[in-house]
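The next block holds one structure in the form of structure tokens; read it before the comments.
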Amino acid sequence: MPHVITQSCCSDGSCVYACPVNCIHPSPDEPGFATAEMLYIDPVACVDCGACVSACPVGAIAPASQLAPEQQPFIALNASYYPEHPADQKLPPTSKLAPVIPAPEVRGNHRGPLTVAVVGSGPAAMYAADELLTQHGVRVNVFEKLPTPYGLVRAGVAPDHQTTKRVTALFDRIARRREFQFFLNVEVGKHLSHDDLLAHHHAVIYAVGAPNDRRLEINGMGLPGTGTATETVAWINGHPDFTDLPVDLSHERVIVVGNGNVALDVARVLTADPDELARTDISDHALQALRASRVQEVVIAARRGPMHSAFTLPELIGLTTKANVVLAAADHELVLRDLAGVSDAVTKQKLEILSKLGEATMPAGPPLRPRIRLAYQLTPIRVLGEHRANGMQFCVTGTDEVCQLGAGLVLTSIGYHGKAIRDLPFDDIAGVVPNNGGRVIDPNSGEPVHGAYVAGWIKRGPTGFIGTNKSCALQTVQRLVDDFNAGLLRDPISKPSALDTLVRARQPTVVDAAGWRAIDAAEVSRGSLSDRPRNKFTSIADMLEVAANAPEPPLRRRLADRLRQLADLA
Ligand code: NAP
């Protein structure tokens, strides 16, 4: 039985290099890789060795014979990427492997090892650290403003996507390397400046993501009963800054504006069975609110037609196999119209799935689970309600026709937006730091900003999946290493050991790797009491208390650290 890539594919390409017969595509050297919604295994060429299974960081690959019923559609989906291969015969194994993109090689005659500060600890940051640490002697210090690492993997991935969160095992392995150090609970821009970091490092990579929501500038947004999907996801995931977010689930309908994967995440969680969510790492406060929820329908309102749906095909398959998803009759007609004119294979498959959805003619409500309605051609005009939101007014896109939809909660899900970084240039419209392949560029002079690099969403904007950050970070690290090799990066003026002293002086409650491991272990242990993968702390004070009582690192580690300090002093 061939192997199959399923919904949680992160597209980092690890499986491609593990495959001995090069049967996983698009590979990172192929043109479609950057925009592919997932990777696909050729069932005809696959030799069933399972090497890809071990390489996949998110457990997305399994033999076709072992797929759960809701994963069955992925067998045809993988095969559909290779329409020219005959399904009834095996291709002879090839020895032509996918070309590996070489790691950047650190060279040159420098006074000390290349030392890099990485700001942020999400996927782009951890992949950048991983690439840097492929080189002997390179040192990486990761700075994160929360006491817990891994950014959107912890606070953005929906709790019912636990396999996607498995990528943290890879990040934990990276963080355990000897030349890697965590400085958690430290905010660059507040506790440390860019110049502070450059005094102790050759370069700084900012991998801070795009923390803001894009705002919908229409009347009524901001009223009680309005909010954003990204904040709601953070609340669901127990992000400490969002524990008190008012999420009013006391009305029957929620409207989500925009139909990207974040909108699908929110709609799925708001309509899921709380007993199933209770087996995930969802925050206690969200679970409690969902148990008391009176929501019967979540309407996902897109301003364009079905052909331009922003959600990806794997997520649509995941949604329709799990949730009760419907379409209004008028939208069914739009789907059929689009289907008649579509040429792109992925869009066609999305439309075929949409065309088979049930109709939204029956009233929503018990005894059925709450439902999700995908709605199209609705351009938001204003939020209805005087003192709190009670619905939304739309126009039918491209016409003067106006319609209204009642709702007790209106969430926008129209994408993320980057936030300016102190001491660096910023493109306010695109929400990114101006850069050339990750090298920060001053837009006035057109010259690189000394020692400053970016990776991830703050570099390229809020697009792609967790694994997209791997090739993005590699490109940035290549630029950085080129600059180091060319002698363009000044050596740090302080000894590495002075960094600890500086950070502790500015932020006495800095959390190190041992502190994070203690928080992690305590959360997993709390979770095991109720059969959950973890029960997260949602207050920073609680996290810091656990970190402060972290057991001493093993003697071997302390000796290695001491030897390193002595080497610095020599
Ligand atoms: P997104 O995919 O960019 O979708 C944004 C949606 O907002 C689109 O439907 C867009 O419609 C709509 N929109 C934008 N401006 C609007 C306006 N003024 N009025 C009405 N609608 C408007 O954003 P996202 O859902 O936040 O996702 C961000 C990235 O994270 C994506 O790459 C996504 O795939 C990724 N992500 C992946 C997963 C996963 O793989 N499971 C989960 C979450 C997020 P138009 O198309 O008409 O502009």
By how many nm would the segment from His136 to Ala548 lengthen if fully extended, with 0.36 nm per residue of separation less the alpha-carbon distance?
-> 145.1 nm
How big, in percent, is the set of alpha carbon pairs in region 311-440 lying more than 26 Å apart?
-> 45 percent
Singleton cysteines, the chain, no second Cys beta-carbon under 4.7 Å -> Cys9, Cys10, Cys19, Cys23, Cys46, Cys49, Cys56, Cys395, Cys403, Cys472
Could you check what % of the DSSP bridge pairs in region 298-376 are antiparallel, to the nearest 5?
-> 0 percent
Asn212 label point, 7 Å along Cα→Cβ, cut-off 13 Å on backbone N: hits in region 425-465?
-> 426-433
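Which GluC sites (Glu not before Pro) from region 317-391 combine a DSSP loop assignment with at most 10 other Cβ atoms within 10 Å?
Glu386
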Please compute P(r) over all alpha-carbon pairs of region 221-317, binned at 5 Å starting from zero, and give each bin as a whole-number percent.
-> 2, 12, 23, 25, 20, 11, 5, 1
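For the chain, with all protein chains present and a 1.4 Å probe, just round the carbon and sulfur fraction of the accessible area to a whole percent. Could the numbers behind the result be given before it?
Numbers: 13390 of 25250 Å².
The computed percentage sits at 53.
Counting other C-beta atoms within 10 Å, and keeping those with at most 13, which DSSP coil GluC sites (Glu not before Pro) do you find in region 208-313?
Sites meeting the loop and neighbour criteria: Glu217.
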Give the residues of region 1-23 whose amide nitrogen is closer than 19 Å to a point set 7 Å from the Cα of Arg177 in the direction of its Cβ.
-> 12-15, 17-18
Scan around Ile5 for amide H atoms under 5 Å from its own, H built in the peptide plane at 1.01 Å from N, and keep only partners 5 or more places away or cross-chain.
-> Ile41
At q = 0.12, 0.14, 0.17, 0.20 Å⁻¹, work out log10 I(q)/I(0) for region 378-472 with the Debye formula, treating every Cα as an identical point scatterer and leaving solvent out; two decimals please.
-> -0.61, -0.70, -0.78, -0.89
Helical contribution to [θ] at 222 nm, DSSP H n ≥ 4, -39,500 (n - 2.57), averaged over the chain, rounded to 500 = -9500 deg cm²/dmol
Normalised alpha carbon radius of gyration of the chain [divisor 2.2 N^0.38 Å] | 1.00
For region 220-272, convex hull of alpha carbons as volume per residue, Å³ = 91 Å³
So the compactness index of region 39-84, its C-alpha Rg divided by 2.2 N^0.38 Å, takes the value 1.12
So for the pair Ser528, Asp195, with labels modelled 7 Å out along Cα→Cβ, what separation do we get in nm?
-> 5.0 nm
Could you state the principal axis extents of the C-alpha atoms in region 290-372, from the largest down, to the nearest angstrom?
-> 45, 24, 21
Might you work out the accessible area of His387 for me, using a 1.4 Å probe with all protein chains in place, and round it to the nearest 10 Å²?
-> 150 Å²
Please determine, in degrees from 0 to 90 and to the nearest 10, the orientation of helix 555-569 with respect to the longest principal axis defined by the Cα atoms of the chain, where the helix direction is its Cα long axis.
-> 60 degrees
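Where only protein heavy atoms count, and the probe is 1.4 Å, what is the accessible area per residue for the chain in Å²?
In whole numbers, the chain has 44 Å² accessible per residue.
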Going 7 Å from the Cα of Ala68 toward and past its Cβ, which residues in region 490-534 have a backbone nitrogen under 18 Å from where you end up?
-> 531-534
Seen from all sides and averaged, what is the projected area of the convex hull of the Cα atoms in region 93-219, in nm²?
-> 13.2 nm²
Quick one: plug the Kirkwood hydrodynamic radius of region 104-171 (C-alpha pairs) into Stokes-Einstein at 37 °C, 0.692 mPa s, and report D in µm²/s.
-> 245 µm²/s
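At a Förster radius of 25 Å, what calculated FRET efficiency corresponds to the Cβ-Cβ distance of Ser445 and Asn485, to the nearest 0.05?
Plugging the Cβ-Cβ distance into 1/(1 + (r/R0)^6) gives 0.60.
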22 Å Cα-Cα threshold exceeded, pairs from Lys96/Lys165; Lys145/Lys165; Lys322/Lys356; Lys419/Lys536; Lys165/Lys356; Lys322/Lys536 = Lys96/Lys165; Lys419/Lys536; Lys165/Lys356; Lys322/Lys536
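Report the trypsin sites (Lys or Arg not before Pro) located in region 237-304 that are in a DSSP loop and have at most 13 other Cβ atoms inside 10 Å of their Cβ, or state none.
Arg294
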Count charges around Asp244 for me, please; just the other residues with Cβ under 14 Å from its Cβ, Lys/Arg as +1, Asp/Glu as -1.
-> -4
Find out how many positive minus negative residues lie around Pro448, taking Lys and Arg as positive, Asp and Glu as negative, among other residues whose Cβ is under 12 Å from that of Pro448.
-> -2
Using 0.36 nm per residue, how much length does the chain from Leu368 to Met1 gain when fully extended, once their Cα-Cα distance is taken away?
-> 128.4 nm
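Around Leu354, under 10 Å between beta carbons, what's the net of Lys plus Arg minus Asp minus Glu among the other residues?
On the way: positive: Lys350, Lys356; negative: Asp331, Asp338, Glu352.
Result for the local shell: -1.
The values are calculated or read from the model by the stated rules, or taken from the named source; none is laboratory data. Keep in mind that this is a model prediction, so the values were computed, not measured. All Cβ positions, glycine included, derive from the backbone under ideal geometry; neighbour counts span all protein chains shown. Calculation scope for accessible area: heavy atoms of the full protein, side chains included, ligands and nucleic acids excluded. Shrake-Rupley method; radii C 1.70, N 1.55, O 1.52, S 1.80 Å.
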